[in-house]
Amino acid sequence: MSEPPPVEPDGVSLPRDSRPESSMTSSTRTPSPLDSALTPATSPSRVGGVSDLSTVDTSALSLSDSDFRCGICNHVIREAFMTRCGHNFCYRCIRSHLQSSSSCPNCNGELTSDQIYPNFILDRCLRDWEMLKKSVISSPVSHTSPAERTILSGNSSLMEINAMIESLHARKRRLEADERGVELDVLSDFLQRSKSRKVEQYRRLRLEVDIVHADLLLVEMQRRDIRSESQPVDSSVAEVPSMPTPALDEDQSETITTVNERRLQVPSSAGRVSTDVAADVEQKKKGVRSHFADFEAQYFEAQMRRASGEAMAPLGTLRSLFSRFSRYSQFKVLTSLNSHDLMESSNIISSIEFDRDGELFATAGVSKRIKIFELEEVLANSDRSGSRGENMDIDEDRMPRPRGISELADVHFPVRELLSQSKLSCLSWNPSVKAHIASSDYDGAVTVWDVGTGQTVVTFSEHERRVWSVDYFPADSARIVSGSDDCRVKVWSVNQQKSIATIETRANVCCVRAAPENSHLIAFGSADHHVHFYDLRHTRNPSIIFKGHRKAVSYLRFLNRNDFVSASTDSTLKLWSLQSATGNPPMTLSSSSSSSSSS
């Protein structure tokens, strides 16, 4: 009975006449450096990893990947298969090669797919070698010298240990010195930068003090000149000749003394005027002090710009700003608008706009109605009834209830109502055509209405979300600008159905305004807390970005060609100037101080 063919450990039988040399007994095979490194005591595959790298013979690590490369793919062999001629290749590589050739890639000997066999021993050796290489490289022992490895192995003398300790101390001192050097470099850079900043602040502070001192001297000179001009010398009084006083009896003397005392008394009306002036001055000072930081920043910015060579008159500008700011101290309520639909819960007004002549004004809101009122009639009605919006009672359910038919005199009725299909957010009256008014709504539409007929003239519907703001161009009444929650600003022409310009932004647009005297300039506030100023001829980037608000900018209004005011949900109003073009507000009004200062 014939002997069965030999079987490898994994259960693959090999023909007796084609067994590779690597599968023979170890007594007939020459040991390699890899075998000496992977002895049973240190082989990771046998002990589950290298636990004591000091006992590993690292000479095997001198082998490189090139010693185990496949002759076909030139990479480290994966799934080693050996040919009958003794060459090893990756299984996939040799199978693919034999599909198009019948020779060995190394020696060109005749070879078929039936004459290749798995080389389990080489596979296992390659896995063990990879594990050993990773373990040794990741271990700190691999970075030690041969003498240090000898000490760590325990076979060393006291002198060698002392030398090792001294070497470690020296290395520690070098590492500590290097670390301290890095820390000192960082600290030196910080101190140098801090010194540079403080020196620059000191230089700027000295310059500002000199500027303030010079301007203070100039203002004091102007004040002396004004006082001298306001107190002229009366020459007729100064040149009165002295006359001899006749002898008077006691009664005459007393009468003349009384008359002279009356002549020297200051009229009571003059005293009241002087008191009123002092009170007015004190009120204006108080208003300026309440916003001192904003005025100070504006003053020094103007002075620095003049110092850089720009022709400006900062003192005159600041004096004019103070005058405009402190001219008014409070608002006066003229009337309260009492509509006939106060009992409706949806009576929320979102926008109020006056026509070009100030004769009509319109209101709009979530009631889906545009109501047109005559201003003179509303004021006259309030004067006749003495109404201030207090003609309604509140019942237990907090719902308004009229007290009687007599209260109809206190209700203001619109002269016309325009009905919309959606809630309204903003209105804008045409600056040229008094009968046209534009509205924006929650459905994303911009509509132009004819007030006389109550019909729509044109509707623009390109916005994808709610339109918050709409405004006619004062310099071109045929164009309208709108801003929406879809992060777009669109410019429309009443003569075209589609928009003529679009600006893409990164945040929701809450309000938009066209410049009063230039048909190419617009400003809009958005949810990014900024005011963006654009030239429609260059819409790629904003001309100026005004930063200062802490929350979304909800409203804008141009005061003139250079100044505009913005309102925000952070409860502040900010006054901006296009002339400074720095993006910093010269003045800020907060809701907490508006009650005690001008607004």
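The values are calculated or read from the model by the stated rules, or taken from the named source; none is laboratory data. Predicted model only: the values in this text are computed from it and were never measured. Backbone-built Cβ (ideal geometry, glycine too); neighbour counts: all protein chains shown. Each accessible area value is taken on the protein alone, full model and side chains, heavy atoms only, with ligands, DNA and RNA left out. Shrake-Rupley method; radii C 1.70, N 1.55, O 1.52, S 1.80 Å.
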When ranked by the protection proxy of mean other Cβ atoms within 10 Å per residue, highest first, what sequence do the peptides 366-376, 289-299, 80-90 form?
80-90, 366-376, 289-299
Quick note, segment 170-226: a/c under 1.5 would make it rounded; otherwise a/b > b/c is prolate and the rest oblate (a ≥ b ≥ c, C-alpha gyration tensor); here it is prolate
For the residue pair residue 497 and residue 456, what label-to-label distance in nm results when each label sits 7 Å from Cα along the Cα-to-beta-carbon direction?
1.3
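First select every other residue whose beta carbon is under 13 angstrom from the beta carbon of residue 327; then total the charges, Lys and Arg +1, Asp and Glu -1. Intermediate results must be reported in sequence, preceding the final value.
Details: positive: 284, 319, 324; negative: 280.
Result for the local shell: +2.
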Once ligands and nucleic acids are excluded and a 1.4 Å probe is used, how much of residue 325 is accessible, expressed in Å² to the nearest 10?
20
Which whole-angstrom value gives the distance between the alpha carbon centres of segment 159-202 and segment 350-377?
74
Scoring only Lys, Arg, Asp and Glu (+1, +1, -1, -1) among other residues with Cβ under 15 Å from the Cβ of residue 532 yields +3
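Taking a 1.4 Å probe, which of 456, 363 shows the most accessible area, and what order do the others take after it? Walk me through the intermediate numbers first.
Values: 456 75, 363 5 Å².
The ordering from most to least exposed comes out as 456, 363.
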So the FRET efficiency between residue 337 and residue 419, C-beta based with R0 = 25 Å and rounded to 0.05, is 0.80
Counted charge near residue 425, where neighbours are those whose Cβ lies closer than 14 Å (Asp, Glu -1; Lys, Arg +1)
-1
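Largest first, how would 466, 227, 92, 193 line up by accessible area (1.4 Å probe)?
Details: 466 75, 227 110, 92 185, 193 155 Å².
Per-residue accessible area, sorted high to low, gives 92, 193, 227, 466.
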Note down the nm distance, to one decimal, between modelled labels 7 Å out along Cα→Cβ at residue 72 and at residue 157.
5.9
Any idea how far apart residue 182 and residue 166 come out in nm if each label point goes 7 Å out from Cα toward Cβ?
2.9
